[in-house]
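Trainee: Structure in structure tokens, see below.
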Amino acid sequence: MIKVSKIKWLGGHRLEFVFTDGYAGDFDFSALVAENGPMVEPLRNTDYFRRVFLDFGAPTWPNGFDLAPAWLRSEIEKARKLVRPAVI
């Protein structure tokens with residue numbers, strides 16, 4: 001199972017990820033944080049958004065909102081932003 005091994009904040013609502021298989025890519029969460037819901041509302045504040053951390057290989061925020069690494073990788077791959085080797 002592929003997990004996230006590193007996260008780098010790129011500004012705004014963009015993050016770059018390195019996966020355990022060595023691939024990397026970035027993702028813009030602007031559309032996600034614009035959605036309604038109590039879990040995503042705090043993420044609109046960039047100071048809060050950049051508090052992301054890894055919990056067992058999943059990007060997670062202090063309010064408990066997390067992302068499945070497989071979903072994230074799939075979205076990055078669909079956007080043709082998955083690259084190797086990972087350099088961040």
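The values are calculated or read from the model by the stated rules, or taken from the named source; none is laboratory data. Keep in mind it's a predicted model, so treat the numbers as computed, not measured. Note: ideal-geometry Cβ built from the backbone for every residue, glycine included; neighbour counts use all protein chains shown.
Trainee: Within region 51-62, take every residue that is in a loop (DSSP other than H, G, I, E, B) and either touching a helix residue (DSSP H, G or I) at 6+ places or on another chain (Cβ under 9 Å) or not basic (K, R) (or both) and give me the one that is surrounded by the most Cβ atoms within 10 Å (Cβ to Cβ).
Mentor: In this case the residue turns out to be V52.
Trainee: Buried (at least 16 other Cβ atoms within 10 Å of the Cβ), out of contact with any Lys or Arg (no Cβ under 7 Å at 6 or more places or on another chain) and part of a strand (DSSP E or B) - does that describe any residue in region 29-50?
Mentor: no
Trainee: Which residue, of N63, N45, is modelled with pLDDT of 95 or more and over 18 Å from L10 (Cα atoms)?
Mentor: On inspection, the qualifying residue turns out to be N63.
Trainee: Let me ask something else about it. Please specify each residue of region 12-54 satisfying the condition of being touching a residue at least 40 places away in the same chain (Cβ under 8 Å) and over 13 Å from the mean Cα position of the chain (by Cα).
Mentor: G22, Y23
Trainee: Still on this structure, please answer the following. Starting from region 63-78, take each residue that is in a helix (DSSP H, G or I) and list its partners that are basic (K, R), counting only C-beta distances under 7 angstrom and pairs at least six apart or across chains.
Mentor: P69/K3
Trainee: Please specify each residue of region 63-88 satisfying the condition of being out of contact with any Leu (no Cβ under 7 Å at 6 or more places or on another chain), surrounded by 12 or more Cβ atoms within 10 Å (Cβ to Cβ) and of a type in the set (V, I, T).
Mentor: Once the filter is applied, which keeps residues that are out of contact with any Leu (no Cβ under 7 Å at 6 or more places or on another chain), surrounded by 12 or more Cβ atoms within 10 Å (Cβ to Cβ) and of a type in the set (V, I, T), region 63-88 yields only V83.
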